[in-house]
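Peer 1: Pasting in a structure now, in structure tokens, and then I'll have a few things to ask.
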Amino acid sequence: MESKVHNGLVEWIVDGKSQSTELVVNYVNRRTHPVSKPKNLSYSVENNMVKLNWDNPDDEDFVGCFVVRNRFHPPRSPYDGVKLYGGKDEYTYDNFGNPEIEKYYAVFSYDAVPNYSDPETIKYPGRE
């Protein structure tokens, strides 16, 4: 966890004069840009559930994808709707959504920071 202290005093007390103490600070370089977004998002209906398929990005820092459903507009962020899935698979089912109703889906890829990609979105028109 990052320290909030910018100007602090560290005092070490050592029992005995033969012991020494050393402070080691390791800096972690964090990625500042997201991995590529998923591609080829598509849907189908199987067993009265909407199934979503996509292709994960080919990036060594790729950790997984986050799938979001929103009834009113395409999700703009991974938190703009109902989370359906998070992980490395390239498909998921909308087990709780009504396949009769129009809705929007978005898939975001992410890395370990996490940085989220732009969404790959699709509109599901509902059944007619």
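The values are calculated or read from the model by the stated rules, or taken from the named source; none is laboratory data. Every value quoted in this text rests on a predicted model; they were computed, and no experiment measured them. Cβ placement follows ideal geometry from the backbone for every residue including glycine, while neighbour counts extend to all protein chains displayed.
Peer 1: What are the pairs with Cβ atoms under 6 angstrom where one residue, in region 110-128, is crowded, with 18+ Cβ neighbours inside 10 Å and the other, located anywhere, is among the charged types (D, E, K, R) and at pLDDT 95 or above? Sequence gap at least six, or different chains.
Peer 2: Ser117/Lys37; Glu120/Lys37; Tyr124/Lys103
Peer 1: Being surrounded by fewer than 15 Cβ atoms within 10 Å (Cβ to Cβ) and in contact with a Lys or Arg (Cβ under 6 Å, 6 or more places away or on another chain): is that true of Glu100 here?
Peer 2: Spelling it out, Glu100 is indeed surrounded by fewer than 15 Cβ atoms within 10 Å (Cβ to Cβ) and in contact with a Lys or Arg (Cβ under 6 Å, 6 or more places away or on another chain).
Peer 1: Only one of (1) over 15 Å from the mean Cα position of the chain (by Cα); (2) not in a loop (DSSP other than H, G, I, E, B) is not met by Phe108, so which one is it?
Peer 2: (1) is the only condition that Phe108 fails.
Peer 1: Could you check, for region 69-80, whether at least one of its residues is in contact with a Pro (Cβ under 8 Å, 6 or more places away or on another chain) and either acidic (Asp, Glu) or in a strand (DSSP E or B) (or both)?
Peer 2: yes
Peer 1: Is it the case, given these coordinates, that Asp61 is closer than 27 Å to Thr121 by Cβ, at pLDDT below 95 and part of a loop (DSSP other than H, G, I, E, B)?
Peer 2: yes
Peer 1: Condition test on Val68, is it under 17 Å from Ile122 (Cα atoms), in contact (Cβ under 8 Å) with a residue 12 or more places away in the chain and over 17 Å from the mean Cα position of the chain (by Cα)?
Peer 2: Considered against the rule, which asks whether it is under 17 Å from Ile122 (Cα atoms), in contact (Cβ under 8 Å) with a residue 12 or more places away in the chain and over 17 Å from the mean Cα position of the chain (by Cα), Val68 comes out as no.
Peer 1: Within region 43-56, can you find the residues that are assigned to a loop (DSSP other than H, G, I, E, B) and surrounded by 16 or more Cβ atoms within 10 Å (Cβ to Cβ)?
Peer 2: Within region 43-56, just Asn56 meets the criteria.
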